[in-house]
Amino acid sequence: MTFKRRHSHRVVWGRLEPVFADNPHMSGNTFGTLFAVTNFGESHGPAIGCVIDGCPPGMALNEADIQRDLDRRRPGTSRHVTQRSELDAVQILSGVYQGKTTGTPIALLIHNTDQRSKDYGNIAQQFRPGHADFTYWKKYGIRDPRGGGRSSARLTAPMVAAGAVAKKWLFEKYGTVFRGCMTQIGDIVIPFESWEQVPRNPFFAPMIDVSQLEAYMDALRKAGDSCGARIRVTASDVPVGLGEPLFDKMDSDIAYAMMGINAVKGVELGAGFASVTQRGTTHGDSITPRGFATNNSGGTLGGISTGQDIEVSIAIKPTSSIISPRQSIDVHNQPVEVVTKGRHDPCVGIRATPIAEAMLALVVMEHALRNRAQCGDVHADASATTDGADGATQKASFR
């Protein structure tokens with residue numbers, strides 16, 4: 001995927017000048033190239049949103065197609081997340097005519113309606129431990145302290161909206177489906193029971209009884225503390241052949257995308273760090289006439305998709321904004337005790353599942369468009385199936 005800043009040269013008025021051909025977006029607010037998503041706004045500004053450039057024309061698209069995923073991510077949906085009440089109602093401002101995408105930029109707008117900026121008055125001159133306050137101040141010499149400003153996880157909403165567009169196109173074109181769930185919260189490991197349970201509880205947990213998780217979160221909030229989480233996200237029916245070796249591998253771009261999500265501190269693909277204790281006789285996924293016997297690779301080999309499920313796991317750190325007093329400094333380098341008031345998620349991982357799904361969809365979309373441009377005429381006459389980790393048969397169609 002063309003996210004990195006490699007460069008070639010061109011002759012301009014007799015001079016040889018560098019050309020940053022792959023990613024000219026120096027400020028880091030644009031994700032992708034062929035399916036480019038430029039994110040804008042602040043947590044407490046009038047609105048947030050994005051512009052999608054590169055969506056293929058002719059796809060039916062309306063606000064309802066996008067709103068479903070935004071509703072899964074939005075705040076205030078249970079007592080276990082921030083009580084900031086935002087409807088996150090999306091508006092399509094351009095790029096759609098008579099219900100179809102036109103191939104021109106799609107502008108999506110989400111109004112902020114429930115800001116409480118006064119909650120941040122006491123920390124405007126202080127740096128919250130674990131937050132981006134210090135680094136934003138040092139980098140730019142100015143920062144918006146209201147709700148974290150540009151560094152707020154509120155800015156994941158536009159990416160979820162863009163991801164919904166990518167999901168729709170990929171499903172209609174290839175049948176690709178994205179799913180995610182929470183597999184651990186704090187020190188509680190969540191057993192996988194079924195995907196059907198995920199939308200039936202506020203934790204995106206794949207289990208029926210979430211009473212232990214509820215009690216854990218109630219106690220955590222009462223203590224004025226926070227915790228981390230582990231999220232699993234998958235993509236099934238992914239075309240074979242997506243990914244560009246050596247440096248735009250599918251798995252490296254997935255890691256890049258996931259690390260772009262607020263609070264993510266680790267990414268695993270397939271067996272991940274468990275590969276350390278595996279042996280070559282078991283880690284390498286055997287191939288039979290029926291297909292791959294296992295999926296330790298996580299759906300890629302050599303950075304190219306195999307047609308198996310892409311399996312990703314991310315680690316999310318504890319929320320930095322908590323009411324428990326902590327030691328820090330202010331803008332004058334004086335020691336202070338920081339207490340963060342306001343409405344915050346005691347575990348940002350609770351709402352991270354649709355965000356991780358969206359970022360995975362954006363990576364797959366980018367690679368699908370790139371592969372279509374380079375290898376659209378390539379056809380390999382083979383197909384395979386494999387039994388997935390959940391016992392379901394996965395078809396790997398070599399398209």
State which residue pairs qualify: first residue in contact (Cβ under 8 Å) with a residue 60 or more places away in the chain and inside the range 212-228, second residue in a loop (DSSP other than H, G, I, E, B) and among the hydroxyl-bearing types (Ser, Thr, Tyr) in any location, beta carbons under 7 Å apart, and separation of 6 or more residues or different chains.
LEU220/SER226; GLY224/SER324; ASP225/SER324; SER226/THR319
Only one of GLU193, GLU172, GLU214 is assigned to a helix (DSSP H, G or I) and over 29 Å from ILE52 (Cα atoms). Can you tell me which?
GLU214
Look at GLN67 and say whether it is modelled with pLDDT of 95 or more and more than 13 Å from LEU155 (Cα to Cα).
yes
What's the number of the condition LYS222 fails, among (1) modelled with pLDDT of 95 or more; (2) surrounded by fewer than 20 Cβ atoms within 10 Å (Cβ to Cβ)?
(1)
Report yes if some residue within the range 299-319 is closer than 28 Å to ILE261 by Cβ, in a helix (DSSP H, G or I) and free of Cβ contacts under 8 Å to residues at least 40 places away in the same chain; otherwise report no.
no
Just to be sure before I move on: is ALA257 under 17 Å from ILE355 (Cα atoms) and touching a Leu at 6+ places or on another chain (Cβ under 9 Å) in the structure I sent?
yes
The range 129-151, subset in contact (Cβ under 8 Å) with a residue 24 or more places away in the chain and out of contact with any strand residue (DSSP E or B) (no Cβ under 9 Å at 6 or more places or on another chain), residue surrounded by the fewest Cβ atoms within 10 Å (Cβ to Cβ)
TRP137
Selection from the range 242-256 of residues under 12 Å from ILE304 (Cβ atoms), assigned to a helix (DSSP H, G or I) and touching a strand residue (DSSP E or B) at 6+ places or on another chain (Cβ under 8 Å) yields MET250, ASP251
Exception for CYS181 within (1) within 20 Å of the chain's Cα centre (by Cα); (2) in a loop (DSSP other than H, G, I, E, B); (3) within 30 Å of ILE92 (Cβ to Cβ) falls at (2)
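The values are calculated or read from the model by the stated rules, or taken from the named source; none is laboratory data. This is a predicted model, so every value here is computed, not measured. Using ideal geometry, Cβ is built from the backbone for each residue, glycine included, and neighbour counts are taken over all protein chains shown.
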